[in-house]
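The values are calculated or read from the model by the stated rules, or taken from the named source; none is laboratory data. Since the model is a prediction, treat every value here as computed from it, not as a measurement. Ideal geometry is used to build each Cβ from the backbone, glycine not excepted, and the neighbour counts take in all protein chains shown. Heavy atoms of the whole protein, side chains included, go into the accessibility calculation; ligands, DNA and RNA do not. Shrake-Rupley method; radii C 1.70, N 1.55, O 1.52, S 1.80 Å.
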Amino acid sequence: MQQVTITDPTPPVGIENGDVIHQLEHRISRLEGVLRLNKMITESGGKIFASNGKSADFKATVEKCREAGGSIATPRSPGENDAILYFVKHFNSYAYLGIKQSLIPGKFQLLNGAQPSYTNWYSNEPSGKGEEECVEMYTDGTWNDKKCNKNHLIVCQF
């Protein structure tokens with residue numbers, strides 16, 4: 001991945017803050033365009049989703065996303081689910097989602113403890129009866145409860 005250099009944010013004498021903001025917005029827009037062109041990001045619901053194509057278990061996925069300044073991908077709408085699905089199809093690999101089983105077997109929640117407002121379970125899922133604590137996305141966009149120790153595609157949201 002190419003290194004991006006951040007220069008001194010102090011505007012040169014004679015340049016207004018509005019001009020600097022406009023220049024930064026333009027630069028960010030161009031960088032996002034490059035990432036979209038290289039199929040490294042998708043966007044939905046005000047979020048940017050990204051993957052480097054690498055795989056990890058659930059715990060390592062959460063940590064890698066945190067290290068990158070984001071969090072594990074957690075779809076809250078059909079559009080966000082599709083944005084994650086793009087990577088699952090592109091890399092032909094299941095991905096973990098930011099949803100885990102609660103203290104009640106068979107009931108799932110977001111990592112912050114909230115109830116999901118959107119779900120897309122595969123038929124007759126979740127089915128782990130307390131044995132499968134994580135959630136993976138299949139290559140058709142539906143979800144399955146799964147043990148957390150498998151290596152799946154890392155997809156983060158920002």
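Residues in region 118-139 that are loosely packed, with under 15 Cβ neighbours inside 10 Å and either among the β-branched types (Val, Ile, Thr) or over 17 Å from the mean Cα position of the chain (by Cα) (or both): 121, 123, 124, 127, 129, 130, 131, 139.
Evaluated against (1) under 25 Å from residue 28 (Cα atoms); (2) open to solvent by 30 Å² or more (accessible area, probe 1.4 Å); (3) of a type outside the set (S, T, N, Q); (4) out of contact with any Gly (no Cβ under 8 Å at 6 or more places or on another chain), residue 155 falls short on exactly one condition, (2).
Taking the criterion of being under 20 Å from residue 150 (Cβ atoms) and modelled with pLDDT of 95 or more, would at least one residue in region 101-110 satisfy it?
Residues of region 101-110 under 20 Å from residue 150 (Cβ atoms): 101, 105-106, 108.
Pick out the ones that are also modelled with pLDDT of 95 or more and you get 101, 108.
Yes: one or more hits.
The condition of being open to solvent by less than 60 Å² (accessible area, probe 1.4 Å) and in a helix (DSSP H, G or I) does not hold for residue 144. Of the residues screened, residue 94 is one that is farther than 21 Å from residue 37 by Cβ and open to solvent by 30 Å² or more (accessible area, probe 1.4 Å).
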